[in-house]
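Taking it in order: structure first as structure tokens, then the write-up.
Every read-out reported here was derived from the displayed coordinates using simple, explicitly stated rules and does not represent laboratory data. Not measured: the values here are computed from a predicted model. Cβ: placed from backbone, ideal geometry, glycine included. Neighbour counts: every protein chain shown.
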Amino acid sequence: MTLSALLVCVDQAPAQVLGGVLEELSIRVESCPDFARAAIRLAQERFDVVIVDGESNKDVISLLRDTRASRLNDATLAVAVVAGQESIREMFSLGVNFVLYKPVAYERALSSMRAAREVMRKDKRKNARADVHAHATVDYATVERERATLINLAQDGMSVQFGKKLPPVSKVYFQFKLPGQSANIRLSGQMVWQDWKGRAGVQFVDVPKASRRLLTDFLAAHVPSDSRPDRFSDVTVEMEEPFQLATVSVAEQTHGREKKETVHYAAVQELAPAVHPDADNRRIQVRYACRLGAEVYRTGTSVPHHCCLTDLSSGGCYLEVPLPFPQGSSVEIVVRTYEMKLRLRGAVQTSHPGYGMGVAFEMKTKEEQGNVKKLTDYVASTTEPSN
């Protein structure tokens, strides 16, 4: 069970000491003295511990905020390296578990990191993943039956090799068969990170009971026995100088999800920034992640299907509905907001049973064009673009 550390040290002396300590404890270390790059790495990959040493406590606090804002590292063990007790309380409020004071002595750092390693091992067992190589078909937005490869799997998510970058806030729909199983697994997920090589992390959103049983059976057979969950005790904050605060419980640390998502997507887009269109053409090229209550009707019927309109662009949208219409169906969509009621027409481009359907708008008349413009203008004024 390999543990990993992100070591963010601007000073060479503590970096050498801590690097030696981590090596002795068999913890894989990635050194990253650049704070901007470290924030990007926190959005890309999960680490078991993040060790931060900045030119000032203000720099340390800034990166700790980035750590807690990341979906991947919001509960990762955090170690702060500081010169004094200035801003220590604020660091604890951001979930710092261990504090090391400068100058960093090898033996004292080794003692603290040994204690930290035991906490990391327990956390690792709670989030154990099974390596897997399985092919999957993926649907997202208006793309259907794209091929992908599963890399590893856990109860709440998985790593996937797509081979290309996807829209950063895509909801994705998977169908795959795990080794040794005969039944297909169907589920939906939300991308939480992706790198420039087309590899991405997916957090599960909707997993039907039958698919959940298949996942559980596979993990029970393929997760090593020393990775089974056990009781996770509180974390003791070991400090090299006396301080009034004594313990911080990792299990009690909570952070605002809305803030996490906002920072996360910003970090992802910093990796691969979108090409910004001209202002006059912006609405055509931009897709917005939104959630609007709506009704959808199959053309020619009066039976409403309540749904949620998401992933809006000027060319179409996605409707989350349990019983989507077949591909090619003509539909009418009624969207209500506090300010207006709009009626849109379109055709189903992709259909995902149990999840929803992608719809391309039809804009044959000026009224239809105007309604689409009103809706995209309204969403654009209240939502950040997702690409």
task: Rank these for me by crowding, K366, K197, going from fewest to most other beta carbons within 10 Å.
output: K366, K197
- prompt: With point charges of +1 on the Cβ of Lys and Arg and -1 on the Cβ of Asp and Glu, referenced to the Cα centre of the stretch 130-223, which listed residue (Y140, S182, L215) lies farthest in the positive direction of the dipole?
  reply: Y140
Unsatisfied cross-links (Cα-Cα over 28 Å) in the set K171/K373; K164/K366; K177/K197; K209/K341: K164/K366; K209/K341
message: Pairs of alpha-carbon atoms within less than 8 angstrom and 6+ residues apart define the contacts here; what relative contact order does the stretch 1-154 have, in percent?
response: 20
- prompt: Any idea what the dipole of the stretch 130-223 comes to, in debye rounded to 20, about its Cα centre with Lys/Arg Cβ at +1 and Asp/Glu Cβ at -1?
  reply: 140
message: Given a Förster distance of 30 Å, report the FRET efficiency between N184 and T299 from their Cβ-Cβ distance, rounded to the nearest 0.05.
response: 0.40
- prompt: Most exposed first by the Cβ proxy, i.e. fewest other Cβ within 10 Å, how do I61, I185 rank?
  reply: I61, I185
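Determine the relative contact order of the stretch 279-382: mean sequence separation of Cα pairs under 8 Å and six or more apart, normalised by residue count, in whole percent. Could you put the intermediate results ahead of the total?
Working: 220 pairs, mean separation 24.7, N = 104.
Taking the mean separation of contacting Cα pairs over the length of the stretch 279-382, I get 24 percent.
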message: Can you tell me the length gained on complete extension of the stretch Q85 to D131, counting 0.36 nm per residue apart and subtracting the Cα distance?
response: 12.3 nm
message: Just to be sure I understand the model, the point goes 7 Å from the Cα along the line to the Cβ. What's the resulting S56 to K374 distance in nm?
response: 5.2
- prompt: So how do L110, L72 line up by other beta-carbon neighbours within 10 Å, fewest first?
  reply: L110, L72
- prompt: What length, rounded to one decimal in nm, is gained on full extension from T2 through to R343, with 0.36 nm per residue of separation minus their alpha-carbon distance?
  reply: 117.2 nm
field: Stretch gain in nm, segment N152-E107, where the contour uses 0.36 nm per residue and the Cα spacing is subtracted
entry: 12.5 nm
The stretch 130-223: relative contact order in percent, alpha carbon pairs under 8 Å with at least 6 residues between: 26
